[in-house]
Amino acid sequence: MKVFKRVLRPERLRQVPEQFSWVDQALVQQHLIDRLDAQAALLYLFLVTVSDAQGLSYYGAATLALRLRLSDEQFAAARQQLIDLELIAY
């Protein structure tokens, strides 16, 4: 069965910046990384690594938590940090 994905917030679809980097340079330039705990940074790195060209991932919450060795609560908190900083849409 083919899985269909859709962009959740098309207005936030990232464009490749002139000074290209695999990881969003806003993490450093806007000091977003200073506001992430280690678990949120780990989750972001994993999501950036497995996302497709539109920034979408097939991984579900349970699989991500298992792969990153996070409890459900830790995963939820890490995901919420990324949402709050608008690094991911969920």
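Quick look at the numbers
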quantity	calculated
Label-point separation in nm, residue 13 to residue 90, each point 7 Å along Cα→Cβ	2.4 nm
Residue-span extension gain [residue 61 to residue 45] - 0.36 nm each, minus C-alpha spacing	4.3 nm
Size descriptor, Kirkwood hydrodynamic radius, that averages inverse alpha-carbon separations across the chain, Å	14.0 Å
Dipole of the chain, positive end: most advanced residue of 47, 75, 3 [Cβ charges, Cα centre]	3
Solvent-accessible ranking of 88, 33, largest area first, probe 1.4 Å	33, 88
Residue 45 accessible area, assembled protein chains, probe 1.4 Å, Å²	100 Å²
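The values are calculated or read from the model by the stated rules, or taken from the named source; none is laboratory data. Quantities reported herein were computed from a predicted structural model and do not represent experimental measurements. Note: ideal-geometry Cβ built from the backbone for every residue, glycine included; neighbour counts use all protein chains shown. All accessible areas refer to the heavy atoms of the entire protein, side chains included, with ligands and DNA or RNA removed. Shrake-Rupley method; radii C 1.70, N 1.55, O 1.52, S 1.80 Å.
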